[in-house]
Protein chains: 2
Amino acid sequence: MQNWEKNLREITPYVPGEQPDFPDMIKLNTNENPYPPAPGVAAMLKEMKTEKLSLYPNPCAKLLVNELSAQYKIAPERIFVGVGSDDVLGMIFMTCFCSDKPILFPDITYSFYDVWAKLFRVPYETVPLDKEFRIRKEDYRKENGGIILANPNAPTSIAEGLDFIEDIVQRNQDSVVVVDEAYIDFGGESALPLLDKYENLLVVQTFSKSRSMAGMRIGYAFGSERVISAIYAVRNSYNSYTMNYPSIMCGAEALKDREYFEECIGKVVATRERVKRELRELGFSFPDSKTNFLFVTHESVPAEELFTMLREHHIFVRYFKTPRIDNYLRITIGTDTQMNRLLEVLKGYLGKR
Amino acid sequence: MQNWEKNLREITPYVPGEQPDFPDMIKLNTNENPYPPAPGVAAMLKEMKTEKLSLYPNPCAKLLVNELSAQYKIAPERIFVGVGSDDVLGMIFMTCFCSDKPILFPDITYSFYDVWAKLFRVPYETVPLDKEFRIRKEDYRKENGGIILANPNAPTSIAEGLDFIEDIVQRNQDSVVVVDEAYIDFGGESALPLLDKYENLLVVQTFSKSRSMAGMRIGYAFGSERVISAIYAVRNSYNSYTMNYPSIMCGAEALKDREYFEECIGKVVATRERVKRELRELGFSFPDSKTNFLFVTHESVPAEELFTMLREHHIFVRYFKTPRIDNYLRITIGTDTQMNRLLEVLKGYLGKR
């Protein structure tokens, strides 16, 4: 090792889910939406004035923030936007979790939480989910430097109700409580109504799932003016212009089309409910998903075996080789055609076995 | 102050240059390119398959990295890309400056360096430029935890030659040396030829100036595989997908059009050289700019007075109320028409006075 290398930050990198690229593949491994973004997005790109690209974008992504404000009836000063909810959550970790006390989050949840805690040197403690993969709210009544919960949780797909979330927020008014609602639009109950009561609450959402715009990288947080302005101060000390012009313009455009948004969600939910029934008949069980994915286990065939078999058919689902959940598969809800192919392959394999 | 607020990171926010928005304004304050991006960028946006936006973008921005690799003849493993060079530099600060010894940079330079140092708690020491605003290479021969130099420097516009830069890199092989080449394409000599000799060197460039794509947010760094992989490990622990799909596609497209790139630079440089002559006749002096801006002072009229006067004419330039440079204006090179209007207003004012 040379001397200059001693000054490098050495960190075990987070490994993102694989992005296979076969022409015939069925990609059900990263919880993307199988439907395209709202038609207005295509129109916006087609008509985009490229001379605008020579200029720096508005540092506050004003147009996008104003449209979020209009849609959610929340003042612009209470909205933070970033490059995907990962950027938003990363900034929140850097800004809001500066206590010496550990922050709390479930042992089974979005796998980036402990990565950010390590990166920003935030002490943390994971709190085990119960046997049914449910959060126990009583476990969040101890001293902490902050709390972050995904609701619905991932990869479990389970949503908790508003009273449940309020109980945790209400009992933790000495620290910032973050509710990560990446999947909320598929059937969960958002914590947004609590925002007016709790200044220490942050609600984070994304365009990557329900709005079919994972490729555009747009995430946002709602909170009190106090906490949002603190996050912006840190963000502005890192990079003043994170949202590029196409993201701002297309993001605002997508928000306007409420009807298309609800139509797509309706389709995903209908497919999900049908697939639940069919998977049950094949011997699978799973928590009652309120997301765009299912977290399934089979009565007799190990998850890893099914994962490998599906891969061979170019059907990609997610398998976590992690204690407690290593007999589960996380399967994204795709189109009906994609799910039919999945069910057909599963039927064929389970029947032969 | 409530208890939860005690866990917030309090930081004085960096204030980005103003983004005025008058229909008749002449915007010469943020060093943007007055010409639109390469025609291929408009075509790419027009034909963009929006169904691709539902998917996460390639986490390594492969297409863009491969095109950078082809254009600059540097292996893809030696290229890091980010959301503007601010993102790239921020990641470098987080990754490469982890020594207890202070990093070094000039007292007058890009104003984000000390902001990042504070944000990431990197000890730093600023080194005064000489009276002519030149870097003294002898000053960089003391112990340090890293060095960052903008070349050409901003807001001074002065470029140092390759031997000068090599002297600093060569004498500092125990720490990472970063050369921030945001303005290099307008006439400076890049440090890229040094990359094969020094594993501890990083060269950072951007699409925001010479490629007319500030609105797209694309920056990149070239370095050894060792240092680039360390930066990616930190980046992947923060956010796996920072470059959105339009940036990747349009960035790659812009790089392909070498001819248009050179044509635009030629126009900016020709305008700059002409404006230099005309400003000299009006009593201005300035270092010999190798950038797309001029750093000017007037023999009799204070810079702040000129700044205010130009503002009233909706001509926006940059004025820094900072010791040593508070009698200077930083003026971006716009189109000939824009610069003629600037010269006309200056002539009118200086003549009347």
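The values are calculated or read from the model by the stated rules, or taken from the named source; none is laboratory data. All values derive from a computational prediction rather than experimental measurement. Virtual Cβ from ideal backbone geometry, glycine too; neighbours counted across all protein chains shown. Note: areas computed on protein heavy atoms with side chains; ligands, DNA, RNA excluded. Shrake-Rupley method; radii C 1.70, N 1.55, O 1.52, S 1.80 Å.
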> Looking at B:Ala150, B:Ala159, which one is more than 21 Å from B:Asp87 (Cα to Cα) and modelled with pLDDT of 95 or more?
Replying inline: B:Ala159
>> Testing B:Leu119 on (1) out of contact with any Gly (no Cβ under 6 Å at 6 or more places or on another chain); (2) buried (at least 16 other Cβ atoms within 10 Å of the Cβ); (3) modelled with pLDDT of 95 or more, one condition comes back false. Which one is that?
In response: (3)
> Restricting the search to the range A:291-333, which residues are of a type in the set (Lys, Arg) and within 21 Å of A:Pro128 (Cα to Cα)?
Replying inline: A:Lys321, A:Arg324, A:Arg330
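Of everything in the range A:11-56, what is charged (D, E, K, R), free of Cβ contacts under 8 Å to residues at least 12 places away in the same chain and within 7 Å of chain B (Cβ to nearest Cβ)? Give them in sequence order.
A:Lys46, A:Glu51
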> Which residues, taken from the range B:167-209, are assigned to a loop (DSSP other than H, G, I, E, B), of a type in the set (Phe, Trp, Tyr) and touching a helix residue (DSSP H, G or I) at 6+ places or on another chain (Cβ under 8 Å)?
Replying inline: B:Tyr198, B:Phe207
> Hey, does the range B:38-50 have a residue that's touching a helix residue (DSSP H, G or I) at 6+ places or on another chain (Cβ under 9 Å), of a type in the set (Asp, Glu) and over 28 Å from B:Val178 (Cβ atoms)?
Replying inline: yes
>> Tally up the residues in the range B:14-47 that are among the aromatic types (Phe, Trp, Tyr) and either at pLDDT below 95 or farther than 16 Å from B:Gly215 by Cβ (or both), please.
In response: 2
> Here are some residues: B:Asp185, B:Asp180. Which one is open to solvent by 30 Å² or more (accessible area, probe 1.4 Å) and acidic (Asp, Glu)?
Replying inline: B:Asp185
> Can A:Ala70 be described as in a helix (DSSP H, G or I), facing another protein chain (nearest Cβ under 9 Å) and open to solvent by 10 Å² or more (accessible area, probe 1.4 Å)?
Replying inline: no
> Where in the range A:236-312 are there helices (runs of 4 or more DSSP H), lying fully within it, with 1 or more residues that are within 14 Å of chain B (Cβ to nearest Cβ) and surrounded by fewer than 20 Cβ atoms within 10 Å (Cβ to Cβ)?
Replying inline: A:258-281
> Checking B:Thr109 against (1) out of contact with any helix residue (DSSP H, G or I) (no Cβ under 7 Å at 6 or more places or on another chain); (2) assigned to a loop (DSSP other than H, G, I, E, B); (3) more than 30 Å from B:Val296 (Cβ to Cβ), which test does it fail?
Replying inline: (3)
>> A:Arg121 - would you say it is more than 28 Å from A:Thr297 (Cβ to Cβ) and without any contact (Cβ under 8 Å) to a residue 12 or more places away in the chain?
In response: yes
> B:Asn31: open to solvent by less than 30 Å² (accessible area, probe 1.4 Å) and within 26 Å of B:Phe261 (Cα to Cα), yes or no?
Replying inline: yes
> Restricting the range A:96-107 to residues that are more than 8 Å from every other protein chain (Cβ to nearest Cβ) and open to solvent by 10 Å² or more (accessible area, probe 1.4 Å), which is nearest to B:Arg121 (Cα to Cα)?
Replying inline: A:Asp100
> Here is a list of conditions, (1) in contact with a Ser or Thr (Cβ under 6 Å, 6 or more places away or on another chain); (2) open to solvent by 10 Å² or more (accessible area, probe 1.4 Å); (3) within 18 Å of A:Thr95 (Cβ to Cβ), and A:Val204 meets all of them except one; can you say which number that is?
Replying inline: (2)
> Only one of these conditions is not met by B:Thr126: (1) in contact with a helix residue (DSSP H, G or I) (Cβ under 9 Å, 6 or more places away or on another chain); (2) surrounded by fewer than 18 Cβ atoms within 10 Å (Cβ to Cβ); (3) assigned to a helix (DSSP H, G or I). Which number is it?
Replying inline: (3)
> Looking at the range B:162-181, which of its residues are more than 17 Å from B:Arg136 (Cβ to Cβ) and not hydroxyl-bearing (Ser, Thr, Tyr)?
Replying inline: B:Leu162, B:Gln173, B:Asp174, B:Val176, B:Val178, B:Asp180, B:Glu181
> Which of the residues that make up the range A:188-201 are within 17 Å of A:Thr109 (Cβ to Cβ) and either open to solvent by less than 10 Å² (accessible area, probe 1.4 Å) or free of Cβ contacts under 8 Å to residues at least 60 places away in the same chain (or both)?
Replying inline: A:Ala191
>> What pairs come out if I take residues in the range A:213-231 that are without any contact (Cβ under 8 Å) to a residue 40 or more places away in the chain and pair them with residues that are surrounded by 24 or more Cβ atoms within 10 Å (Cβ to Cβ) whose C-beta lies under 7 Å away, six or more apart or interchain?
In response: A:Gly215/B:Leu53; A:Gly215/B:Pro57; A:Gly215/B:Asn244; A:Gly215/B:Tyr245
>> So, B:Lys118, is that one within 8 Å of another protein chain (Cβ to nearest Cβ) and out of contact with any helix residue (DSSP H, G or I) (no Cβ under 6 Å at 6 or more places or on another chain) or not?
In response: yes
> Across the range B:323-353, which residue is least open to solvent (accessible area, probe 1.4 Å) among those that are in a loop (DSSP other than H, G, I, E, B) and free of Cβ contacts under 8 Å to residues at least 24 places away in the same chain?
Replying inline: B:Asp326
>> For the range B:139-161, give me each residue that is β-branched (Val, Ile, Thr) and in a loop (DSSP other than H, G, I, E, B).
In response: B:Thr156, B:Ile158
>> Exactly one condition in (1) touching a residue at least 40 places away in the same chain (Cβ under 8 Å); (2) farther than 30 Å from B:Asn58 by Cβ is false for B:Asp86; which is it?
In response: (2)
> What is the one condition in (1) assigned to a helix (DSSP H, G or I); (2) of a type outside the set (A, V, I, L, M, F, W, C); (3) over 16 Å from B:Ala150 (Cβ atoms) that B:Asp86 does not satisfy?
Replying inline: (3)
>> For the range B:185-233, give me the residue count where each residue is over 25 Å from B:Tyr124 (Cα atoms) and of a type in the set (Val, Ile, Thr).
In response: 1
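For the range A:41-64, which positions are open to solvent by less than 10 Å² (accessible area, probe 1.4 Å) and either in a helix (DSSP H, G or I) or touching a Pro at 6+ places or on another chain (Cβ under 6 Å) (or both)?
A:Val41, A:Leu45, A:Leu53, A:Ser54, A:Leu64
Just give me the residues in the range B:221-235 being among the charged types (D, E, K, R) and open to solvent by less than 10 Å² (accessible area, probe 1.4 Å), in sequence order. If you could, list the steps in order and put the result at the bottom.
From the range B:221-235, those among the charged types (D, E, K, R) are B:225-226, B:235; that's our starting set.
Residue satisfying the conditions is B:Arg235 alone.
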> Are there any pairs, at least 6 apart or on different chains, whose C-beta atoms fall under 8 Å, with the first in the range B:238-257 and among the charged types (D, E, K, R) and the second open to solvent by less than 10 Å² (accessible area, probe 1.4 Å) and part of a helix (DSSP H, G or I), and if so, which?
Replying inline: B:Glu253/B:Val41
